[in-house]
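Below is one structure, written out as structure tokens; comments come after it.
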Amino acid sequence: MVKVLFVCLGNICRSPLAEAIFNQKVKESSLTMKFKSDSCGTSDYHIGELPDERTLQCAADKGLEINHRGRQINRVDVREFDYLIAMDKSNKINIERLIDSSGLRHEQVYLLREFQPHPDNIEVPDPYYGGIEAFENVYNILDESITHFLEFLKEEHKVYV
Ligand code: 4NP
């Protein structure tokens, strides 16, 4: 099983939506035995909370299932997950700090938009202070990036379906 962890700051907006999109695509491709994902935040701001209302609305509009409670990344995640996928540069820096301070190594830390073919920006923007349009924009970025990320994973792990 290849395990992917999507990481943002609060784990209530971007990363839970990324997790839901990824898991849906995996399900549609009948690859649930091969790939799975979870999400977390670098901060402890929203531990135990449901995703933001606007995340839930956006997911419901797209027919996505979201069943997640906010949690903070920890060193066990660094050991457990094969891919650590950050939404923005500060998330990535914070993941790398945790890895270093734990005396661990991890070869697979990426920004999600590295997988998007022609990103106009390398970061998934933080929609927290935006309106529902900001969440729609995030959804579109995640959907396209994750489609390509999953293709990358299938090639990397020689999954041919
Ligand atoms: P997320 O968005 O990192 O995509 O979950 C945010 C959620 C909460 C906060 C910032 C960003 N906050 O400052 O509480």
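Please treat every number below as a calculation from the coordinates, not as lab data. For clarity, every value in this text was computed on a predicted model and none was experimentally measured. Glycine gets a Cβ as well: all are built from the backbone with ideal geometry, and neighbour counts include every protein chain shown.
In the range 138-153, what residues are crowded, with 16+ Cβ neighbours inside 10 Å and free of Cβ contacts under 8 Å to residues at least 12 places away in the same chain?
none
Among the residues of the range 106-123, what is the count of those that are assigned to a loop (DSSP other than H, G, I, E, B) and among the β-branched types (Val, Ile, Thr)?
Residues meeting the conditions: 1.
Is it the case that the range 120-137 has a residue that's in contact with a strand residue (DSSP E or B) (Cβ under 8 Å, 6 or more places away or on another chain), away from the ligand (no atom under 15 Å from the Cβ), within 24 Å of His157 (Cα to Cα) and in contact (Cβ under 8 Å) with a residue 12 or more places away in the chain?
Checked against the condition, which is being in contact with a strand residue (DSSP E or B) (Cβ under 8 Å, 6 or more places away or on another chain), away from the ligand (no atom under 15 Å from the Cβ), within 24 Å of His157 (Cα to Cα) and in contact (Cβ under 8 Å) with a residue 12 or more places away in the chain, the range 120-137 yields no hits at all.
Find all pairs meeting these conditions: Cβ atoms under 9 angstrom apart; at least six residues apart or on different chains; first residue within the range 22-42 and at positive phi; second residue surrounded by fewer than 22 Cβ atoms within 10 Å (Cβ to Cβ).
These pairs meet every condition: Ser30/Val161.
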